[in-house]
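Asks: Shown below is the structure under consideration.
The values are calculated or read from the model by the stated rules, or taken from the named source; none is laboratory data. Bear in mind the structure is a predicted one, so any value in this text is a computation, not a measurement. Counting neighbours? That spans all protein chains shown, and the Cβs are built from the backbone with ideal geometry, glycine included. Surface accessibility is based on the protein's heavy atoms, side chains included, excluding ligands, DNA and RNA. Shrake-Rupley method; radii C 1.70, N 1.55, O 1.52, S 1.80 Å.
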Amino acid sequence: LNLHNFTHGIEAGGLSSTKPANTSWSATDISIDGNDEEFGSGIHTLDSSGEFNLRNITINNTYFGVYVLGTTDAWQAQNLTINSPGGNAVSGFQSTGAWTVEDTVIRNAEDEAIFAYDTEGNWTVKSTKIVNTTDEGINAGISSGDWEILNTTIRNPREDAINAGKASGEATIQDTTAVSSENGIDFEKSGGQLVVNNLTVRDTEGDGIDAD
């Protein structure tokens, strides 16, 4: 399936927090090419419950790649390619369900590649490559769920490769590389346990790991 020249390539979910949707759906083998409209999204979902599965999707010329707000159930995103979004590539802001992002490539995001600020669910980012973001590679600030970042490379973010400042969940970072960032991992003022195994951090302007 090819989708071209739109505001939102796929829009699913509720109308507002008072009119939520309860549904599950899957999207597979789709090429999405937007019209660069401000705040347009490849996939756009608000205030929904139900499981969402994304597989083998390429997203170009959108402001957000995947934009999710206020969802409550699990998201599985596998083998996504998101190129040059004008904002976040994957935004799960204020979602409460568990997320898995796997085998995904994000290039040239104009904001965070993965924006999971103020989320409550557990997140896994696995076998993923993030290159050239104008903000952080992964922003998990003030999140309360547990995090696993496994076998992932984050290269040339303008800010931190991974920011989990003031988060309260546990974080495991394993077999992961951060190159040319402000800090490798910012875990400052966070209450959970940080477990790091086989982490490579190179060419940072600040700290490899900031866990003050």
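Asks: Please find, within segment 93-124, the residue that is surrounded by the most Cβ atoms within 10 Å (Cβ to Cβ) out of those that are assigned to a loop (DSSP other than H, G, I, E, B) and among the aromatic types (F, W, Y).
Replies: Y117
Asks: Across segment 46-58, what is the total count of residues that are open to solvent by 30 Å² or more (accessible area, probe 1.4 Å) and within 23 Å of N35 (Cβ to Cβ)?
Replies: Of the residues in that region, 3 qualify.
Asks: Check off (1) closer than 25 Å to S190 by Cα; (2) not in a strand (DSSP E or B) for T62 and give me the number that stays unchecked.
Replies: Answer for T62: the failing condition is (1).
Asks: Here's another thing I want to ask about it. Only one of (1) in contact with an Asp or Glu (Cβ under 7 Å, 6 or more places away or on another chain); (2) surrounded by fewer than 17 Cβ atoms within 10 Å (Cβ to Cβ); (3) charged (D, E, K, R) is not met by R202, so which one is it?
Replies: Every listed condition holds for R202 apart from (1).
Asks: When you look at D160, is it within 13 Å of the chain's Cα centre (by Cα) and outside any strand (DSSP E or B), yes or no?
Replies: So D160 fails the test.
Asks: Still on this model: Out of the residues in segment 175-189 that are open to solvent by 30 Å² or more (accessible area, probe 1.4 Å) and assigned to a loop (DSSP other than H, G, I, E, B), state the one that is nearest to N132 (Cα to Cα). Break it down into steps so the answer makes sense when it comes.
Replies: Step one: of segment 175-189, the residues open to solvent by 30 Å² or more (accessible area, probe 1.4 Å) are 175, 177, 180, 182, 188-189.
Within this subset, residues satisfying the condition of being assigned to a loop (DSSP other than H, G, I, E, B) are 180, 182, 188-189.
Details: S180: 10, E182: 13, E188: 23, K189: 27 Å.
Filtering first and then ranking leaves S180.
Asks: Do you know which of the residues in segment 1-34 that are open to solvent by 60 Å² or more (accessible area, probe 1.4 Å) and not in a strand (DSSP E or B) is modelled with the highest pLDDT?
Replies: Applying the filter and picking the extreme gives S24.
Asks: For segment 59-80, name all the residues that are among the hydroxyl-bearing types (S, T, Y) and surrounded by fewer than 18 Cβ atoms within 10 Å (Cβ to Cβ).
Replies: Just the residues of segment 59-80 that are among the hydroxyl-bearing types (S, T, Y), to begin with: 62-63, 67, 71-72.
Across segment 59-80, the qualifying residue is only T72.
Asks: If the requirement is being of a type in the set (A, V, I, L, M), open to solvent by less than 20 Å² (accessible area, probe 1.4 Å), modelled with pLDDT of 95 or more and in contact with a Lys or Arg (Cβ under 9 Å, 6 or more places away or on another chain), which of these qualifies: I142, I149, I162?
Replies: Residue meeting the stated conditions: I149.
Asks: Could you please give the count of residues in segment 190-199 that are surrounded by fewer than 17 Cβ atoms within 10 Å (Cβ to Cβ) and assigned to a loop (DSSP other than H, G, I, E, B)? Before you say what the answer is, go through the steps one by one.
Replies: First pass over segment 190-199, keeping only residues surrounded by fewer than 17 Cβ atoms within 10 Å (Cβ to Cβ): 191, 193-195, 197-198.
Now drop any that are not assigned to a loop (DSSP other than H, G, I, E, B), which leaves 191, 193.
Here the count works out to 2.
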